[in-house]
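*Asks:* The structure's right below; bear with me while I get my questions together.
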């Protein structure tokens, strides 16, 4: 297998190759779409398992709405159609005929869901109403990149309706907190939580919260969002309820989503020159055992021992593969599993069996003198579990340290423009709140990632007006 | 709530109403599509959990292929395009432009998957290749009915490639056996397994196996299928591999699927005049506890007791809801949960607490003197678990007995034509193997469900030729 492009100097090329080489995706004949292969999909299944439990914990129930939405629905909310109409795919013919009314393939499902909310919500007794669906969506993007921006992608979209703004806000923030936990506690990716500027909001939302991460190259990635849709959306679809006081009111809604983009975030946060590194909690395979032997007799005994160790590890809830492929050398196996980012490798040879030990190898350790350690077979479960925990924490710490070094304070655009241009990175600055100043960032390919709850900078980065809240500026994916 | 149409005399109307009343589905603004509501989707999630484990047990891995397929792909396999072209939905515009080449929304994914197989399979070492995906598909059906036949539906589609026909057949039959277990052991629906006639095969398949059930009204429902695609399909997409002997060969493929239609099968097999009946193993809620009280003091103690019982049942792995809704009478609650098909109800009142007992109610029991029994609270877990097992078995036995009474032997079309017309039912007859005789069934709205491994009838039902294998004839959904 070819070695990967240099991760420091050719990050985009490194990304494209590492995801192909590790078998996460393949190209497809459909424009801007990729095939998610078994190893990539197994990561998504692990993410789904975590998020589905979080969603159900909030009392949200899964449903399924039709993928085809009458085109006219999109037009009912002005900003929504403005935001999505350039991106939709349109079905004009079906069943051998031209359709009288075309359908769009959902770019998101607010419109068709709110049409149902209008029928389902009559009284305060029907609230809160909390649903979610795991689906595919299509947004016809011009420039696509596997996982990060594709014409079709997979996601979950949660939609809730509440009697009060307070309750809707609490739910939107509760989901954001679940997402933060997913990112930090499972994916080992440190994130910033904050509100989007009006310019960066979801088309039609009143408030958009985001959680943002900084990739190795210093570019930001929007990891997911959570919105409050208080006014125009329910009104556009006639969603109203009779309150306890008898008045007719409009509910306060939320929607929130995470997508297969998170797999791209994992790759771009933790990978190194040898390929992927998977945080143990999300890794489809946490441990690979490589039995090593020269003679047929040795082979039988090391494979037996490897299977016994695998059984012990599985009993402890650890996801293990024993690589008994006879067509590959141990070296080729090491390379294969390193490039796939399996966090821990156990090597077992005849001498190890005599000494009742195994070699424990840490995927992320760069210091060769520390990468391998001998452990007693009697303690294999304990040692392996400890190393998995250590790696999970170390990956987060390493990403957090890198982010800290890339997160800078600045007062004026002129101060950070050239550094942003040359080295990327994230810049915390003051902002007057004006869209004109926000758009000035376009010249340096910067965007406002979010507002933060700090006020270190008292003046706008672009004008002389006062700043009440800092913003984070970065280039983004 | 209104009572349901008569299940004996108005089965189709009963079906339409029971699925709406129980909150399985709702209508949608998209032609031929329904919204799957939380209770309906929870059944699908339970089916998914069972089938996903079966699939993985066969070494099949989950993947995701693009939903949009270049229209030209469908044309590559003659029978496939003939079968599906009248049913596809076509995307002609996207991203604000007319597309140079239109895409069809997958009616099934063989074509786009085989395009990848041609790239992935080079040598015998790449075989077997076994993948599956859980997706939505669209087939523009003329007459739709919720779950049974809808424009969009959810399914899993498995696709495998093997070096030998024997191995492909073994996999196709192994999945069929898993499906049979799903149907009989979980859904409590007795099924017949058999081969389809060439006329009824999946377009482009060499062999189609099916598993068929008979609904309460005596009409058959195809529950799912498993195909061998040996020749034309791999050839149409240039899927070839170098065998161990160095020759270039065409692999033997399989595909197999079950869909959300199985939810309709559950409803039509087990429901009664009071609504749904859910087999315990698939029921989203297996037990509902209804606390009954008159005074505020009583309320506290019965709810406490109900919660304690729920906790015990949950610890035993039983899915329980405690209905503490204060806006409903106990009678309204009984009605609600009966119509939703929850198999077991526990009633707890103040007198029961004094006697340290509860009332255990069996949803499927029609004899009122046997429907309710008093059980000791000390034995509540054991008694409830026993009743759940009893109901699971009794539902299967009841369906099997009904099927036996509707499964008839006949020699000639003239013998059974009028009974098929008037009462539906399934007729086991001889068949010469000729398509002309098969199509003669159209006149009586009959179809061949499958060939069976019996030879009770030595002559064709329609001509004087010899019959080597019996077929089953029925009207179908």
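*Asks:* Could you please give the count of residues in region B:102-134 that are within 30 Å of residue A:82 (Cα to Cα) and more than 9 Å from chain A (Cβ to nearest Cβ)?
*Replies:* First, pick out the residues of region B:102-134 that are within 30 Å of residue A:82 (Cα to Cα): B:102-106.
Checking the rest, the ones that are also more than 9 Å from chain A (Cβ to nearest Cβ) come to B:104, B:106.
Of the residues in that region, 2 qualify.
*Asks:* Can you find, within region A:60-81, the residue that is farthest from the other protein chains (Cβ to nearest Cβ) among those that are at pLDDT below 95 and within 20 Å of residue A:136 (Cβ to Cβ)?
*Replies:* Among residues in region A:60-81 that are at pLDDT below 95 and within 20 Å of residue A:136 (Cβ to Cβ), the one farthest from the other protein chains (Cβ to nearest Cβ) is A:80.
*Asks:* Another one. Whether any residue in region B:48-66 is in contact with a helix residue (DSSP H, G or I) (Cβ under 6 Å, 6 or more places away or on another chain), without any contact (Cβ under 8 Å) to a residue 12 or more places away in the chain and over 30 Å from residue B:272 (Cα atoms) is what I want to check.
*Replies:* No: zero hits.
*Asks:* I'd like to know if region B:184-194 contains one or more residues that are closer than 17 Å to residue B:251 by Cα, at pLDDT 95 or above and not assigned by TED's automatic domain parsing to the domain that holds residue B:441.
*Replies:* Among the residues of region B:184-194, not one is closer than 17 Å to residue B:251 by Cα, at pLDDT 95 or above and not assigned by TED's automatic domain parsing to the domain that holds residue B:441, which makes the answer no.
*Asks:* In the set A:171, A:182, which member is more than 14 Å from chain B (Cβ to nearest Cβ), closer than 27 Å to residue A:73 by Cα and assigned to a helix (DSSP H, G or I)? Working first, answer last.
*Replies:* Values: A:182 fails: closer than 27 Å to residue A:73 by Cα.
Being more than 14 Å from chain B (Cβ to nearest Cβ), closer than 27 Å to residue A:73 by Cα and assigned to a helix (DSSP H, G or I) holds for just one of A:171, A:182, which is A:171.
Condition check ((1) at the interface with chain A (Cβ under 7 Å from one of its Cβ atoms); (2) surrounded by fewer than 17 Cβ atoms within 10 Å (Cβ to Cβ); (3) out of contact with any strand residue (DSSP E or B) (no Cβ under 6 Å at 6 or more places or on another chain)) across all residues:
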residue	(1), (2), (3)
B:13	no, yes, yes
B:31	no, no, yes
B:36	yes, no, no
B:39	no, no, yes
B:58	no, yes, yes
B:96	yes, yes, yes
B:100	no, yes, yes
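*Asks:* Residue B:355 fails exactly one of the following numbered conditions: (1) surrounded by 20 or more Cβ atoms within 10 Å (Cβ to Cβ); (2) out of contact with any helix residue (DSSP H, G or I) (no Cβ under 6 Å at 6 or more places or on another chain). What is the number of that condition?
*Replies:* Answer for residue B:355: the failing condition is (1).
*Asks:* Scan region A:86-120 for residues that are within 30 Å of the chain's Cα centre (by Cα) and within 28 Å of residue B:134 (Cα to Cα) and report the count.
*Replies:* Within region A:86-120, residues that are within 30 Å of the chain's Cα centre (by Cα) and within 28 Å of residue B:134 (Cα to Cα) number 20.
*Asks:* Name the single residue, out of those in region B:295-331 being assigned to a loop (DSSP other than H, G, I, E, B) and either free of Cβ contacts under 8 Å to residues at least 12 places away in the same chain or more than 32 Å from the chain's Cα centre (by Cα) (or both), that is nearest to residue B:348 (Cα to Cα).
*Replies:* So the residue we want is B:324.
*Asks:* Condition test on residue B:110, is it modelled with pLDDT under 95, surrounded by 21 or more Cβ atoms within 10 Å (Cβ to Cβ) and within 27 Å of residue A:66 (Cα to Cα)? Quick ask: steps written out before the conclusion?
*Replies:* Details: modelled with pLDDT under 95: yes; surrounded by 21 or more Cβ atoms within 10 Å (Cβ to Cβ): yes; within 27 Å of residue A:66 (Cα to Cα): yes.
Here the answer is yes, as residue B:110 does meet what is asked.
*Asks:* Then there is this: Check off (1) surrounded by fewer than 13 Cβ atoms within 10 Å (Cβ to Cβ); (2) more than 25 Å from residue A:192 (Cα to Cα) for residue A:389 and give me the number that stays unchecked.
*Replies:* (2)
*Asks:* In addition: Condition first: modelled with pLDDT under 95 and surrounded by 15 or more Cβ atoms within 10 Å (Cβ to Cβ). Can you find one or more residues in region B:429-443 that meet it?
*Replies:* Within region B:429-443, not a single residue is modelled with pLDDT under 95 and surrounded by 15 or more Cβ atoms within 10 Å (Cβ to Cβ).
*Asks:* Still on this structure, I have one more. Identify all residues within region A:195-218 that are touching a strand residue (DSSP E or B) at 6+ places or on another chain (Cβ under 6 Å) and in a loop (DSSP other than H, G, I, E, B); write none if there are none.
*Replies:* Hits for region A:195-218 are A:196, A:197, A:201, A:202, A:205, A:206, A:215.
*Asks:* A further question follows. So, in region B:135-154, of the ones that are within 12 Å of chain A (Cβ to nearest Cβ), part of a strand (DSSP E or B) and under 15 Å from the mean Cα position of the chain (by Cα), which residue ends up surrounded by the fewest Cβ atoms within 10 Å (Cβ to Cβ)?
*Replies:* B:154
*Asks:* Quick check, is residue B:407 touching a strand residue (DSSP E or B) at 6+ places or on another chain (Cβ under 9 Å) and crowded, with 19+ Cβ neighbours inside 10 Å?
*Replies:* Answer is no for this residue.
*Asks:* So, residue A:132, is that one modelled with pLDDT of 95 or more, part of a strand (DSSP E or B) and under 22 Å from residue B:96 (Cα atoms) or not?
*Replies:* No.
*Asks:* Inside region B:1-27, can you point out the residues that are more than 28 Å from residue B:424 (Cα to Cα) and outside any loop (DSSP other than H, G, I, E, B)? Before you say what the answer is, go through the steps one by one.
*Replies:* From region B:1-27, those more than 28 Å from residue B:424 (Cα to Cα) are B:1-2, B:23, B:26-27; that's our starting set.
Within region B:1-27, B:26, B:27 qualify.
The values are calculated or read from the model by the stated rules, or taken from the named source; none is laboratory data. These figures come from a predicted structure and were not determined experimentally. Note: ideal-geometry Cβ built from the backbone for every residue, glycine included; neighbour counts use all protein chains shown.
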